[in-house]
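These notes are about the structure you will find just below.
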There are 2 protein chains.
Amino acid sequence: MKEARDIFFNYVKVKNLRYTRQREKIVEAFLRADRHITAEELYSNLKKVDPEIGSATVHRTLKLMGECGLLDEIKVGSGKTRYELKYKREHHDHLICINCGRLIEVRDDKIERLQDKLARANDFVPKWHRLEIYGLCTKCR
Amino acid sequence: MKEARDIFFNYVKVKNLRYTRQREKIVEAFLRADRHITAEELYSNLKKVDPEIGSATVHRTLKLMGECGLLDEIKVGSGKTRYELKYKREHHDHLICINCGRLIEVRDDKIERLQDKLARANDFVPKWHRLEIYGLCTKCR
DNA sequence: ATTGATAATGATATTTTATATCAATAATAC
DNA sequence: GTATTATTGATATAAAATATCATTATCAAT
Ligand SMILES: [Zn+2]
Ligand SMILES: [Zn+2]
Ligand SMILES: [Zn+2]
Ligand SMILES: [Zn+2]
């Protein structure tokens, strides 16, 4: 994911921030990581290889990645924030298994359109939304 | 909202818990309060009249009200949990103004049905969902 | 390459919301 | 009334994220 990396370091340059090896490692680890990763998981992944990286820096870098549109925060259930790559990926919603925690990505254009319509019918300008359906996945049924 | 109160104290009785004046006051204050109230707001409402009520008890009582189906927790944005009466109210979703924080309650049966269909198409048994549309309300546009 | 200005880092402290602890108190059954 | 035990409220703790701050690293200008 070369481009995504570039988006980040471009943003860093434009904002007159600095290119650091920590940022580089964090961004690359994020791009390699499983989708829907937490800051803590990403931190512990990095820590294995690079014991000198601090968790505060991981949080700070994730925030920067959010600012430049690389990722989305998702807060499912009542746990920690999860982060998922947004760049060049379509918007989607999530089915969340209440037994095993599995996240299934789904998208229904009809629902998307109806949501917009619903908002506008209420004199409301929709900017983004979050739809999470909780239930049981195949394995946990 | 006499019945709602009864639901609660019935639950208390069935679980061999006790009828206390704190619980009575908290439940009644909740039923009188604005929709989508936080524990802290409810606590401060109560505190004005009843300085001897503790916030831990407010939290505990809200949790009990949740257990017996009287209320729903809603976690909008990244703030505190809000609580809303569920008993004898239809399920609904929320439009949330990103400028003033206003919550608008909405419901679209077509969306509800499509969500169920979407879940089942993914071999998933939906139990409940959460749909929040963030944007700008009339006043804030 | 050296230097100076200042952004970034990481250890730690703090914040925020919710929950756990625990001695004192109050509710219920007998 | 008494015994039993759930409840309370003050306080401590937990959990996640953010703020603080001395030290270090980056980078542009020389
Ligand atoms: Zn599952
Ligand atoms: Zn996703
Ligand atoms: Zn508004
Ligand atoms: Zn509502």
Original post:
Which part of the stretch A:1-38 falls in the paramagnetic zone of A:Glu52, meaning amide N under 11 Å from the point 7 Å along Cα-to-beta-carbon?
Top reply: A:21-22
Original post:
Rounded to the nearest 0.05, what FRET efficiency is calculated for B:Glu67 and B:Glu112 with R0 set to 30 Å and r the Cβ-Cβ distance?
Top reply: 0.75
Subject >> Rounded accessible area per residue of the stretch B:1-74, 1.4 Å, Å² >> reply: 61
Subject >> Calculated label separations, B:Arg113, copies of the chain, 7 Å along the beta-carbon direction, nm >> reply: 1.6
**OP:** Could you run the Karplus curve 6.51 cos²θ - 1.76 cosθ + 1.60 with θ = phi - 60° over the stretch B:54-71 and give me ³J(HN,Hα) per residue in whole Hz, x for Gly and Pro?
**Re:** x, 6, 4, 5, 4, 4, 4, 6, 4, 5, 4, 4, x, 4, 8, x, 6, 9
**OP:** Leaving ligands, DNA and RNA out of it, report the carbon-plus-sulfur percent of the accessible area of the protein assembly as shown at a 1.4 Å probe.
**Re:** 47
**OP:** Using a 1.4 Å probe and ignoring any ligands, DNA or RNA, find the accessible area of A:Asp50 and quote it in Å² to the nearest 10.
**Re:** 20
**OP:** For the stretch B:35-116, calculate the relative contact order in percent as a whole number, restricting contacts to Cα pairs under 8 Å that are 6 or more residues apart.
**Re:** 23
**OP:** Please tell me which of these pairs span more than 22 angstrom C-alpha to C-alpha: B:Lys25/B:Lys86; A:Lys47/A:Lys86; A:Lys13/A:Lys80; B:Lys63/B:Lys127; A:Lys25/B:Lys80?
**Re:** A:Lys47/A:Lys86; A:Lys13/A:Lys80; A:Lys25/B:Lys80
Subject >> Most mobile listed residue (B:Ala56, B:Ala33, B:Ala121) in chain B, GNM with C-alpha springs under 10 Å >> reply: B:Ala121
Original post:
Put a point 7 Å out from Cα along the line to Cβ at A:Lys63; what are the distances to that point in the other copies, in nm, shortest first?
Top reply: 3.1
**OP:** Express in Å², to the nearest 10, the accessible area of A:Arg89 obtained by rolling a 1.4 Å probe over the protein heavy atoms while all chains stay in place.
**Re:** 70
Original post:
Considering only the label points, 7 Å along Cα→Cβ from Cα, what distances in nm to one decimal separate A:Val14 from the same position in each other copy, shortest first?
Top reply: 5.7
Original post:
Which three semi-axes in whole Å describe the equivalent ellipsoid of the protein assembly as shown, each the square root of 5 times a Cα gyration tensor eigenvalue, listed largest first?
Top reply: 38, 24, 20
**OP:** Please calculate the 1.4 Å probe accessible area of A:Arg107, with all protein chains present, and give it to the nearest 10 Å².
**Re:** 90
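The values are calculated or read from the model by the stated rules, or taken from the named source; none is laboratory data. Just so we're clear, the structure is a prediction, and the values are computed from it rather than from any experiment. Counting neighbours? That spans all protein chains shown, and the Cβs are built from the backbone with ideal geometry, glycine included. What goes into the accessible areas is simple: the full protein's heavy atoms, side chains included, and nothing from ligands, DNA or RNA. Shrake-Rupley method; radii C 1.70, N 1.55, O 1.52, S 1.80 Å.
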